[in-house]
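Read the structure below first, then the notes.
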């Protein structure tokens, strides 16, 4: 006679995994769109937001090349470091663009 409790537990676990995967797919797309909208709203410019967002893949490319060169594992803490790096890059980009705009307004920096 089959163990119905074991079968029910297995079905429940597989349904939970499927629902969790579906929820993660939806959140990833919404997170990216939300980040873009937040940057456009904060900077009042689509061009400045694109400049900042272009720096993120460049930072990830350099970091991943370094990880593979030294053959370090890309585990939870490595991914957490990548996400922290993205936050630092975005913050530095916002500060740099704000500084450039303030210098342009005072006519001290002509080149941007």
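Based on Cα atoms of segment 45-112, Rg over Rh with Rh as the Kirkwood radius reads 1.14. Once the C-beta distance of residue 80 and residue 107 is scaled by a Förster radius of 41 Å, the resulting FRET efficiency is 0.45 to the nearest 0.05.
Just so you know, all these numbers are worked out from the coordinates, no wet-lab data involved. Just so it is clear, the model here is predicted, and its values are computed rather than measured. In this analysis, Cβ positions are derived from the backbone assuming ideal geometry, glycine residues included, and neighbour counts consider all displayed protein chains.
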